[in-house]
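Peer 1: This structure is in structure tokens; I'll ask about it shortly.
The values are calculated or read from the model by the stated rules, or taken from the named source; none is laboratory data. Quick caveat, the model's predicted, so the values are computed rather than measured. Cβ atoms come from the backbone with ideal geometry, glycine included; neighbour counts cover every protein chain shown. To get the accessible areas, we keep the full protein, side chains included, count just its heavy atoms, and leave off ligands, DNA and RNA. Shrake-Rupley method; radii C 1.70, N 1.55, O 1.52, S 1.80 Å.
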Amino acid sequence: MKGLTEKQRKILLFIAEYISENGRSPSYKEIAAYFDFSSTAAYDGVLALIKKGMLEKGEKSLRSISLPKEERMKLSNIAIPFFSEEPSPEELKDRRCDSFSYIERKYLERNCFSFKVLSSSMVDAAILPGDIAIIAAADTPVDGDIVLASCPGNDKPSELRRLKRIPGFTLLVPDNASMGTIKTTEAKILGVLISIRREM
């Protein structure tokens, strides 16, 4: 980052990391709070980076700071549907999501979605209520995969379980000793777990 002061370098790194993690740029107030200086100083720092070609500024939004196009292409984020709880097959089909979350661009072709885990079915696998599950809907599951599954008779629209198949049946096995295995011929596998995120 030749030609940048140490302060400008730190502001640029913060903005790039913020965009990568949140899928949007920080506000001047957030920049100021992070570095413990005034909003005016944050604005001046961003303006200096814009003049040096390290940032671009749109006209329509307070959050329109962005990296130059070639740098934006390197960012790993793509937006995917986010559900506030385990979604039903109907919600997935209609894409009735609550908002969006962001994942690595390498998953672009895998038809992913995300949701907040409410069930305790996988606590022994360190998947806790409140975690964010990232699911690849198009993957073909194999025995041992953690899947989001829906089946008649279950009191939840869908739930994370470990998949096991035996002749004539699908077993949906919890990683929770207090819960029983579901043995069914009618399971609908909605996708395979590829990642868990936990907000600290």
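Peer 1: Might you check whether a residue that is within 29 Å of A79 (Cβ to Cβ), assigned to a strand (DSSP E or B) and in contact with a helix residue (DSSP H, G or I) (Cβ under 8 Å, 6 or more places away or on another chain) occurs anywhere in region 163-183?
Peer 2: No: region 163-183 contains no residue that is within 29 Å of A79 (Cβ to Cβ), assigned to a strand (DSSP E or B) and in contact with a helix residue (DSSP H, G or I) (Cβ under 8 Å, 6 or more places away or on another chain).
Peer 1: Hey, another quick one. Quick one: how many residues across region 99-149 are more than 25 Å from P174 (Cβ to Cβ) and assigned to a loop (DSSP other than H, G, I, E, B)?
Peer 2: Result for region 99-149: 1.
Peer 1: Give region 17-30 a look and list any residue that's assigned to a helix (DSSP H, G or I) and within 23 Å of the chain's Cα centre (by Cα), or say none.
Peer 2: Hits for region 17-30 are E17, Y18, I19, S20, E21, N22, E30.
Peer 1: Next up: Applying the selection to region 34-59, what residues are assigned to a helix (DSSP H, G or I) and of a type in the set (A, V, I, L, M)?
Peer 2: A41, A42, V46, L47, A48, L49, I50
Peer 1: Related question: Looking at this structure, is F14 assigned to a loop (DSSP other than H, G, I, E, B) and aromatic (F, W, Y)?
Peer 2: Against the criterion (assigned to a loop (DSSP other than H, G, I, E, B) and aromatic (F, W, Y)), F14 does not qualify.
Peer 1: While we're here: Being touching a residue at least 60 places away in the same chain (Cβ under 8 Å) and surrounded by 15 or more Cβ atoms within 10 Å (Cβ to Cβ) is the filter here; which residues of region 1-35 pass it?
Peer 2: G23
Peer 1: For region 36-48, which residues satisfy the criterion of being over 29 Å from the mean Cα position of the chain (by Cα), in contact (Cβ under 8 Å) with a residue 12 or more places away in the chain and open to solvent by less than 90 Å² (accessible area, probe 1.4 Å)?
Peer 2: G45, A48
Peer 1: Quick one: how many residues across region 184-200 are part of a strand (DSSP E or B), over 30 Å from N22 (Cβ atoms) and either under 27 Å from the mean Cα position of the chain (by Cα) or modelled with pLDDT under 90 (or both)?
Peer 2: 2
Peer 1: Let me ask another. Test L160 against the criterion of being within 15 Å of M122 (Cα to Cα), under 23 Å from the mean Cα position of the chain (by Cα) and in a strand (DSSP E or B), and give yes or no.
Peer 2: So L160 fits the description; yes.
Peer 1: Could you please let me know if P152 is without any contact (Cβ under 8 Å) to a residue 60 or more places away in the chain, under 18 Å from L118 (Cβ atoms), touching a Ser or Thr at 6+ places or on another chain (Cβ under 8 Å) and not aliphatic (A, V, I, L, M)?
Peer 2: It is false that P152 is without any contact (Cβ under 8 Å) to a residue 60 or more places away in the chain, under 18 Å from L118 (Cβ atoms), touching a Ser or Thr at 6+ places or on another chain (Cβ under 8 Å) and not aliphatic (A, V, I, L, M).
Peer 1: Name the residue that is most open to solvent (accessible area, probe 1.4 Å), counting only residues in region 118-151 that are under 17 Å from M179 (Cα atoms) and of a type outside the set (A, V, I, L, M).
Peer 2: Checking each candidate, the answer is D124.
Peer 1: Being buried (at least 21 other Cβ atoms within 10 Å of the Cβ) and without any contact (Cβ under 8 Å) to a residue 60 or more places away in the chain is the filter here; which residues of region 102-113 pass it?
Peer 2: Once the filter is applied, which keeps residues that are buried (at least 21 other Cβ atoms within 10 Å of the Cβ) and without any contact (Cβ under 8 Å) to a residue 60 or more places away in the chain, region 102-113 yields nothing.
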